[in-house]
Amino acid sequence: MVKQRTSAEPRPMAEVRANMLERARHLRNPFAYTRYEEVEGVLNRLDSVDREAWAQAFSALAAPYEERAAQAEQAGNREAALQNYLTAYDYYHVARYPAPNSPGKLEAYRRSQANFLKAARLMDPPLERVEMPFQGRPGEGNVSVGYLRKPQGVERPPVVALWGGIDAFKEERRDDPYREAGMATLVMDMPGVADAPLAGSEDAERLWDAMFDWIATRPDLDAQRVAVVGGGCSGLTYKMDIDQRRDGDIAGLVDRCVSIQFKPAAWTSSRGS
């Protein structure tokens with residue numbers, strides 16, 4: 001009789017290796033800017049999913065790209081700097097994957113953020129890191145961090161706020177299609193994830209009060225046309241809670257797990273369609 005592995009037991013390294021190599025080959029999460037042959041070399045050397053060994057091995061891949069990026073930026077080679085910062089970011093991202101649940105993985109996450117923000121200042125259009133004041137309870141934070149990007153040539157664009165599920169951080173959200181359609185994007189972490197100022201709870205949708213209030217202070221954004229996109233089933237839960245809490249402030253809701261809701265009377269694209 002074959003013994004069934006319980007959910008509490010770690011997956012065999014051979015299984016992890018095969019799964020991750022398949023993802024790396026097709027640049028699927030957590031891989032976006034990495035090189036397959038480098039990932040393959042690390043995974044072939046690792047003999048377990050020990051958190052510290054994993055973080056150290058993939059962080060070592062990031063370091064040379066981090067150095068090349070700084071050199072390219074100093075030399076005025078904007079594109080080379082951008083690509084190397086993104087590669088360094090992504091190797092640190094893999095190093096902290098799937099969660100920053102050890103000292104080495106937490107350090108890798110902070111390094112991934114640092115390289116992402118260095119890349120962000122070279123993006124076109126640029127990315128703006130924003131801090132939205134949050135009225136936290138004792139033990140909670142006082143700001144919600146978001147990444148704002150605005151479409152070029154659009155005055156007071158509508159806003160799409162995006163967040164992922166429990167294992168998706170704001171650095172990983174892809175927002176180009178929205179900007180290409182003339183919308184600004186505001187990417188955040190959901191409660192309990194990364195830089196979110198509060199843990200997940202029955203009323204954690206309080207986090208988005210800070211977002212709506214902050215958008216209303218920005219004269220360059222159209223606070224009357226705000227849509228939200230929640231990724232995964234965790235995103236669905238909060239999307240539904242926000243809909244009930246801030247119904248009059250939301251022009252559209254999309255959940256990338258199972259459902260889509262539109263409010264066409266309130267939402268028209270910046271193209272006028």
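The values are calculated or read from the model by the stated rules, or taken from the named source; none is laboratory data. Predicted, not measured: the structure shown is a model, and the values here were computed from it. Using ideal geometry, Cβ is built from the backbone for each residue, glycine included, and neighbour counts are taken over all protein chains shown.
Before moving on, here are some points about what is shown:
- Verdict on Arg179 being out of contact with any Asp or Glu (no Cβ under 8 Å at 6 or more places or on another chain) and within 30 Å of Val94 (Cβ to Cβ): yes
Residue-by-condition table, conditions (1) within 16 Å of the chain's Cα centre (by Cα); (2) part of a strand (DSSP E or B); (3) of a type in the set (Gly, Ala, Ser):
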residue	(1), (2), (3)
Ala168	yes, no, yes
Pro177	yes, no, no
Leu186	yes, yes, no
Gly192	yes, no, yes
Pro197	yes, no, no
Gly200	no, no, yes
Glu205	no, no, no
Asp209	no, no, no
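- The listed residue being at pLDDT 95 or above, closer than 23 Å to Phe169 by Cβ, among the acidic types (Asp, Glu) and not assigned by TED's automatic domain parsing to the domain that holds Ile166, out of Glu79, Glu40, Glu52: Glu52
- From Ala223, Ala199, residue being modelled with pLDDT of 55 or more, surrounded by fewer than 18 Cβ atoms within 10 Å (Cβ to Cβ), of a type outside the set (S, T, N, Q) and in contact with a helix residue (DSSP H, G or I) (Cβ under 7 Å, 6 or more places away or on another chain): Ala223
- In the range 108-125, the residues that are closer than 14 Å to Val187 by Cβ reach residues that are assigned to a helix (DSSP H, G or I) and among the charged types (D, E, K, R) with C-beta atoms within less than 6 angstrom, at least six apart or across chains, in these pairs: Phe116/Glu171.
- Whichever residue in the range 111-134 is buried (at least 21 other Cβ atoms within 10 Å of the Cβ) and of a type in the set (Gly, Ala, Ser) and, among such residues, is nearest to Ala95 (Cα to Cα): Ser112
- Looking only at the range 80-99, residues that are without any contact (Cβ under 8 Å) to a residue 40 or more places away in the chain and surrounded by fewer than 23 Cβ atoms within 10 Å (Cβ to Cβ) come to 1 in all.
- Test for Tyr33: is it over 30 Å from Glu9 (Cα atoms) and assigned to a loop (DSSP other than H, G, I, E, B): yes
- Selection within the range 81-131 - among the hydroxyl-bearing types (Ser, Thr, Tyr) and part of a helix (DSSP H, G or I): Tyr85, Thr87, Tyr89, Tyr91, Tyr92, Tyr109, Ser112
- Exactly one residue out of Arg28, Arg11 is over 21 Å from the mean Cα position of the chain (by Cα) and either surrounded by fewer than 18 Cβ atoms within 10 Å (Cβ to Cβ) or not assigned by TED's automatic domain parsing to the domain that holds Asn101 (or both), and it is Arg11.
- Residue count, the range 43-52 (criterion: surrounded by fewer than 16 Cβ atoms within 10 Å (Cβ to Cβ) and among the basic types (Lys, Arg)): 1
- Of the candidates Val143, Val94, the single residue that is touching a helix residue (DSSP H, G or I) at 6+ places or on another chain (Cβ under 9 Å) and in the same structural domain as Asp222 (by TED's automatic domain parsing) is Val143.
- In a residue-by-residue description of the range 53-70, the property of being among the hydrophobic types (A, V, I, L, M, F, W, C), under 14 Å from Val94 (Cβ atoms), within 22 Å of the chain's Cα centre (by Cα) and surrounded by fewer than 17 Cβ atoms within 10 Å (Cβ to Cβ) applies to at least one position.
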